[in-house]
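Here's the structure we're looking at; comments come further down.
The values are calculated or read from the model by the stated rules, or taken from the named source; none is laboratory data. Predicted model only: the values in this text are computed from it and were never measured. No Cβ is skipped: glycine too gets one built from the backbone with ideal geometry, and neighbour counts run over all protein chains shown.
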């Protein structure tokens, strides 16, 4: 008789099915297997839309179990799915109010003098109020020329001449002001607008700015804020736990007839160090993470990339490995095409783990409270998962997708379960993966970095812009202010220009 894990029963209870389709026969089978009506308590599934499990597969899976004589254990109170929460009322689709921070221009529409008399008694009408409405308009961005006139004074007797000094420019003897530099940087590294498109935009405004000129500006800006970038890196490395990941980027090489593959690495700090710092390396060798993490001591959460292994094998380094359940889940999801039954069991189990995390998030638990919740609810699930995988591993081919997914999970088991012992650790590495979305989107627009130096420039400026977005700060307002001030700012007070500190002092938040 085929075993039927309780996790599958919970999973099938929550799978929505379309009542307009002819699933009557399969529905009866599923009702017999899972011990409940599949049409009752339907709720949305979790996980990214592209990785959701088809209800067709799940019902066919239930039918296959019945065909093999499998029966589910009698439903108990412990194994029954929790009742679904009532759906919250959806927000209306009406027009929302416009932000108060937007500049408003008042236009008054009044009656002509001839129409200000009563048509009945010819008395003069008295104004009693107004009907006020708002219309959102777009004023195109414009370039302005700032004429800097430094006044000169001379002694009447010809003794001396004194000239007023203007503030230091972001680029010495350069044409652009801090606002223009911030616009170009945010457009390219924040909004993924390549320099050749910006070139066309500026041309429509009557100004010729070549992409090579703007590229030189960005390199100069990266050098200008490098001390701030190094300070952010220092703060990230002071985190208790750092999440990291990497993604490939094409790079031009004058010695090759095509682009080669460089690498952008992301390092995400914890809640007390809310910075996202990127690092560029010409390849994916372990030398990049080795140099960046040289001073780091704490938890490192990443995928199972072999380049990190030497960190964990050297206890004197003080780096502790934390695994990622999202990577494990993805392997089982991809294995559905070849082993639907085992993959579905694991997807169900992993979803139960994320249900616990979601409960902790809803209850706003942190630290010790979240650790206690995981010990109570996640630990038993993990014990079941390990027992199930060890039982099934001999039954699958080692090189099959399911076999590789099982081997990956078991070989990284200690790292995958380490989050149980510390409530400050995350169940997955999604924070780092999400920080690379901007790089992936930009890669499809600017297509490549012009050189290794271009990759380093992008890493510095993207670190500032991504951190601003993470903290809900307008990156343009932040960079404009930093470019204008950093040249004369005291190095001993450089932390005042960090994005999280700058928010409190300058107040240019979105």
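Taking residue 242, is it modelled with pLDDT of 95 or more, closer than 30 Å to residue 295 by Cβ, in contact with a strand residue (DSSP E or B) (Cβ under 7 Å, 6 or more places away or on another chain) and not in a helix (DSSP H, G or I)? Considered against the rule, which asks whether it is modelled with pLDDT of 95 or more, closer than 30 Å to residue 295 by Cβ, in contact with a strand residue (DSSP E or B) (Cβ under 7 Å, 6 or more places away or on another chain) and not in a helix (DSSP H, G or I), residue 242 comes out as yes.
Residue-wise test of (1) at pLDDT below 90; (2) over 19 Å from residue 184 (Cα atoms).
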residue: 461; (1), (2): no, no
residue: 464; (1), (2): no, no
residue: 468; (1), (2): no, no
residue: 474; (1), (2): no, no
residue: 481; (1), (2): no, no
residue: 488; (1), (2): yes, yes
residue: 491; (1), (2): yes, yes
residue: 496; (1), (2): no, yes
residue: 502; (1), (2): yes, yes
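Just a yes or no: is a residue in region 280-294 farther than 24 Å from residue 260 by Cβ, touching a helix residue (DSSP H, G or I) at 6+ places or on another chain (Cβ under 6 Å) and in a strand (DSSP E or B)?
Residues of region 280-294 that are farther than 24 Å from residue 260 by Cβ, as a first pass: 293-294.
Okay, now just the ones that are also touching a helix residue (DSSP H, G or I) at 6+ places or on another chain (Cβ under 6 Å), so none.
The answer is no; no qualifying residue exists.
Filtering 405, 458 for residues that are farther than 30 Å from residue 358 by Cβ, in contact with a helix residue (DSSP H, G or I) (Cβ under 7 Å, 6 or more places away or on another chain) and touching a residue at least 40 places away in the same chain (Cβ under 8 Å) leaves a single hit, 458. The set of residues in region 304-342 that are free of Cβ contacts under 8 Å to residues at least 60 places away in the same chain and not in a helix (DSSP H, G or I) comprises 305, 314, 318, 319.
Is at least one residue of region 431-441 in contact with a helix residue (DSSP H, G or I) (Cβ under 6 Å, 6 or more places away or on another chain), surrounded by fewer than 19 Cβ atoms within 10 Å (Cβ to Cβ) and in contact (Cβ under 8 Å) with a residue 60 or more places away in the chain? Looking through region 431-441, none of the residues is in contact with a helix residue (DSSP H, G or I) (Cβ under 6 Å, 6 or more places away or on another chain), surrounded by fewer than 19 Cβ atoms within 10 Å (Cβ to Cβ) and in contact (Cβ under 8 Å) with a residue 60 or more places away in the chain. Where helices (runs of 4 or more DSSP H) fall entirely within region 353-439, none has at least 3 residues that are outside the structural domain of residue 272 (by TED's automatic domain parsing), in contact with a strand residue (DSSP E or B) (Cβ under 7 Å, 6 or more places away or on another chain) and farther than 25 Å from residue 245 by Cα.
Rundown of residues vs (1) in contact with a strand residue (DSSP E or B) (Cβ under 6 Å, 6 or more places away or on another chain); (2) at pLDDT below 95; (3) under 17 Å from residue 437 (Cα atoms), yes/no style:
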| site | (1), (2), (3) |
| --- | --- |
| 228 | no, no, no |
| 236 | yes, no, no |
| 257 | no, yes, no |
| 267 | yes, no, yes |
| 270 | yes, yes, no |
| 276 | yes, no, yes |
| 283 | no, yes, no |
| 286 | no, yes, no |
| 290 | no, yes, no |
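Total residues in region 200-239 satisfying the condition of being closer than 20 Å to residue 177 by Cβ, part of a helix (DSSP H, G or I) and either within 24 Å of the chain's Cα centre (by Cα) or in contact (Cβ under 8 Å) with a residue 24 or more places away in the chain (or both): the figure is 11. In summary, residue 174 fulfils each of the numbered conditions (1) part of a helix (DSSP H, G or I); (2) touching a helix residue (DSSP H, G or I) at 6+ places or on another chain (Cβ under 8 Å); (3) not assigned by TED's automatic domain parsing to the domain that holds residue 475 with the single exception of condition (1). Being surrounded by 15 or more Cβ atoms within 10 Å (Cβ to Cβ) and not in a helix (DSSP H, G or I) holds for only one residue in 277, 345, and it is 277.
Which residue out of 143, 180 is surrounded by fewer than 17 Cβ atoms within 10 Å (Cβ to Cβ), outside the structural domain of residue 443 (by TED's automatic domain parsing), at negative phi and in contact (Cβ under 8 Å) with a residue 24 or more places away in the chain?
On the way: 180 fails: surrounded by fewer than 17 Cβ atoms within 10 Å (Cβ to Cβ).
From the options 143, 180, the qualifying one is 143.
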